[in-house]
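These notes are about the structure you will find just below.
The values are calculated or read from the model by the stated rules, or taken from the named source; none is laboratory data. Only a predicted model underlies this, so the values are computations on that prediction, with no experimental measurement involved. Note that each Cβ is placed from the backbone with ideal geometry, even for glycine, and that neighbours are counted across all protein chains shown. Only protein heavy atoms, including side chains, enter the accessible area calculation; ligands, DNA and RNA are left aside. Shrake-Rupley method; radii C 1.70, N 1.55, O 1.52, S 1.80 Å.
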Amino acid sequence: MLCHRSPAAVLRAVPWRHDLPASLVVFLVALPLCVGVAVASGVPAELGLVTGIVGGLVVGALPGSSLQVSGPAAGLTVLVHEAVQEYGAGALGVLVLLTGLLQLAMGALRLGRWFRAMSASVVHGMLAGIGLTLVLGQLYALADRRGPGTGPEKIAGLPALLRDAVTGAANPSAVALGTATLLVLIAWKYLPSRLAGALPGPLGAVGLAAAVTALADLPVARVEVAGLLDVVQLPDRAALGALATTAGVGTILAFTLIASAETLFSAAAVDRMHHGPRTDYDRELTAQGVGNALCGLLGALPMTAVIVRSATNVQAGARTKASRVLHGGWLLLFTALLPGVLGLVPLTALAAVLVHAGAKLIPVRRIAALCRDHRGEAAVLAVTTASVVTTDLFEGVLIGVGLAVAKSAWQTSHLQIVVEEPPPVPASVPVPDAVPAPGVPGAEQPPLRVRLSGNATFLRLPRLLDTLERLPADRPVELDWSGLRHLDHACTVALAAWAAQHRARSSAPLAVDPPLPTVV
């Protein structure tokens, strides 16, 4: 095994011809995203780079997944921004540290594999909601404006934002530069393959915007630069009191759930892109816990495995985890040697990068396929998306999960109720049983046979009782529920109560086969 080899043997085993250039490509993609996610989260840009460095140098070296790359993710931007606004920047380190500790506990309990049980519609609805919220918020930043606080307010303010952008009431230079950057990002994939493959789109677009801003001296806001040591801070103990509330615990759980889910769903997607070793979900969750605990101690942004960087790593030809470790080294060298370069980057260009990234989170093709073939799943996706946009990430996901569970319960509780009329008996055939029994009205009539099959749960109880209560009171009834695969307590109680009431108000015989269990 590789872990038993000497350091020299390990270095010789690394396919440098593939991993070294792949690490440079991933670094060029990660650089603008680290900065953009930090700025959109309302924290110094360097904190995004700290998370990227930890994701490369620390998490990249740990076991779990060999090719996926970790760093600050656009999917957590909205939640981080809300947490910073609510609890203050000093609480961010505590939130991320507790998230990491929870992930370590879940990894130790081998809960990583259970994240694969999450409804795909909820996951894609969550990502679509995050993407829409990110796009809505960054459209204001693209115009050099501060966006409203909630999703509905952002939507309501779009007409005024569009009017100001068209009339020039918003910063014309910022609007023009941000729009041009967004157009470059959209058109990048249509460039000649040699150029598009040599330089990642986000880096090329941001580099062009920075060059234009510097040459024309445009009056637009730029990234404020400080040293890494100036922005790193230990977790604030006073923040523990603010987080020791229902809302604070919910925020911590939301950080943990979203970070873990995004990481493990990304791992599943990356595994489908290559033929190398598969991801160990529990080890990957533990590695993410180590990374987030360290980021929390440094007061940095939370990390996840990011599908954009991971896909870039695979497509660039990476063979081992050396490429993602090296990408963290390039980030560290850049921030140590060239920190002033970040001060040339206009904020509107980073907003355009995040608008583009947010739009890519919206699974348009999957939505179209679900609407065509699985409308129930499409409804779950749509409700989850709308809930994330209109409430917040944690509540939106809970609503989506609840709806998915209710939908699955409804579908699996399929109950078939058949009321069979006996075939008519020819007059020439003698029927001994048709002789009326003295004092028993209706006994001379053939019995109605009610057959139940499937799953009788409380969700189907109204339909079941409606059918039974419509049966004529003067006819014998045979209730056959032997075809049921499941009979829950609510239906057992209801059937026993109906049988007792039917016998009390009707003198016609009632047979239940097999006998109902005793109701406690």
| note | For L350, the lone unmet condition from (1) assigned to a helix (DSSP H, G or I); (2) farther than 22 Å from V135 by Cβ is (2)
| request: Determine which single condition R110 fails, assuming it passes every other condition in (1) in contact (Cβ under 8 Å) with a residue 60 or more places away in the chain; (2) part of a helix (DSSP H, G or I). | output: (2)
| query | Which pairs do you get when a residue that is in contact (Cβ under 8 Å) with a residue 60 or more places away in the chain, found in region 276-295, comes within reach of a residue that is open to solvent by 60 Å² or more (accessible area, probe 1.4 Å) and assigned to a helix (DSSP H, G or I), reach meaning Cβ atoms under 8 angstrom, with the pair 6+ apart or on two chains? | reply | Y281/R113; Y281/R116; D282/R113; T286/A108; G289/L101; G289/L102; A293/L101
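Which of the residues spanning region 48-70 are of a type in the set (G, A, S) and either in contact with a Cys (Cβ under 6 Å, 6 or more places away or on another chain) or assigned to a helix (DSSP H, G or I) (or both)?
G48, G52, G55, G56, G60, A61
I'm checking my understanding of the structure. Among residues of region 69-86 that are open to solvent by less than 50 Å² (accessible area, probe 1.4 Å) and at pLDDT 85 or above, which one is nearest to L301 (Cα to Cα)? Even if it seems obvious, please write down each step before you answer.
Residues of region 69-86 that are open to solvent by less than 50 Å² (accessible area, probe 1.4 Å), as a first pass: 69-80, 83-84.
Of the ones still in play, those that are also at pLDDT 85 or above are 69-72, 80, 83-84.
Numbers: V69: 15, S70: 12, G71: 9, P72: 6, V80: 8, A83: 11, V84: 11 Å.
Applying the filter and picking the extreme gives P72.
Test S66 against the stated conditions and say whether it is at pLDDT below 85, among the polar types (S, T, N, Q) and over 18 Å from G291 (Cβ atoms).
Details: at pLDDT below 85: yes; among the polar types (S, T, N, Q): yes; over 18 Å from G291 (Cβ atoms): no.
No, not satisfied.
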| query | For region 242-255, what are the residues that are surrounded by fewer than 23 Cβ atoms within 10 Å (Cβ to Cβ) and assigned to a helix (DSSP H, G or I)? | reply | A242, L243, T246, A247, G248, V249, G250, I252, L253
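Is it the case that A379 is touching a helix residue (DSSP H, G or I) at 6+ places or on another chain (Cβ under 7 Å) and either among the small types (G, A, S) or part of a loop (DSSP other than H, G, I, E, B) (or both)?
Values: touching a helix residue (DSSP H, G or I) at 6+ places or on another chain (Cβ under 7 Å): no; either among the small types (G, A, S) or part of a loop (DSSP other than H, G, I, E, B) (or both): yes.
No; evaluated as a whole, the condition is false for this residue.
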| field | Residue match in region 188-202 (condition: open to solvent by less than 30 Å² (accessible area, probe 1.4 Å) and either assigned to a loop (DSSP other than H, G, I, E, B) or at pLDDT 90 or above (or both)) | value | yes
| Looking at region 225-241, which of the residues that are in a loop (DSSP other than H, G, I, E, B) and either modelled with pLDDT of 75 or more or small (G, A, S) (or both) is most open to solvent (accessible area, probe 1.4 Å)? | L234
| remark: V43 vs (1) on the phi < 0 side of the Ramachandran plot; (2) outside any helix (DSSP H, G or I); (3) touching a Lys or Arg at 6+ places or on another chain (Cβ under 7 Å): all pass except (3)
| Can you name the residue in region 272-303 that is outside any helix (DSSP H, G or I) and among the hydrophobic types (A, V, I, L, M, F, W, C) and, of all such residues, is most open to solvent (accessible area, probe 1.4 Å)? | M273
| task | Looking at (1) buried (at least 16 other Cβ atoms within 10 Å of the Cβ); (2) part of a loop (DSSP other than H, G, I, E, B); (3) at pLDDT below 85, find the lone condition where P430 falls short. | result | (1)
| field | Members of region 451-475 that are out of contact with any helix residue (DSSP H, G or I) (no Cβ under 6 Å at 6 or more places or on another chain), on the phi < 0 side of the Ramachandran plot and open to solvent by less than 10 Å² (accessible area, probe 1.4 Å) | value | L452, L464
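For L448, indicate whether it is at pLDDT below 75 and either of a type in the set (S, T, Y) or surrounded by 12 or more Cβ atoms within 10 Å (Cβ to Cβ) (or both). Steps first, answer last, please.
Numbers: at pLDDT below 75: no; either of a type in the set (S, T, Y) or surrounded by 12 or more Cβ atoms within 10 Å (Cβ to Cβ) (or both): yes.
No: the conditions fail for L448.
Conditions (1) more than 30 Å from L294 (Cβ to Cβ); (2) out of contact with any helix residue (DSSP H, G or I) (no Cβ under 6 Å at 6 or more places or on another chain), marked per residue:
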{"site": "L158", "(1), (2)": "yes, yes"}
{"site": "L183", "(1), (2)": "yes, yes"}
{"site": "P192", "(1), (2)": "yes, yes"}
{"site": "L208", "(1), (2)": "yes, yes"}
{"site": "A214", "(1), (2)": "yes, no"}
{"site": "E224", "(1), (2)": "no, yes"}
{"site": "G227", "(1), (2)": "no, yes"}
| field | In region 476-520, the residues that are within 25 Å of A409 (Cα to Cα), open to solvent by 60 Å² or more (accessible area, probe 1.4 Å) and either in contact (Cβ under 8 Å) with a residue 60 or more places away in the chain or assigned to a strand (DSSP E or B) (or both) | value | S482, R485, H486
| region 364-392, residues that are hydroxyl-bearing (S, T, Y) and either open to solvent by 50 Å² or more (accessible area, probe 1.4 Å) or more than 15 Å from the chain's Cα centre (by Cα) (or both) | T390, T391
| field | Checking L361 against (1) within 24 Å of L182 (Cα to Cα); (2) open to solvent by 20 Å² or more (accessible area, probe 1.4 Å); (3) modelled with pLDDT of 80 or more; (4) of a type in the set (A, V, I, L, M), the condition it does not meet | value | (3)
| query | Among all residue pairs at least 6 apart or on different chains, which show Cβ distances below 8 Å where the first residue, located in region 134-150, is on the phi > 0 side of the Ramachandran plot and in contact (Cβ under 8 Å) with a residue 40 or more places away in the chain and the second is assigned to a loop (DSSP other than H, G, I, E, B) and polar (S, T, N, Q)? | reply | D144/N171
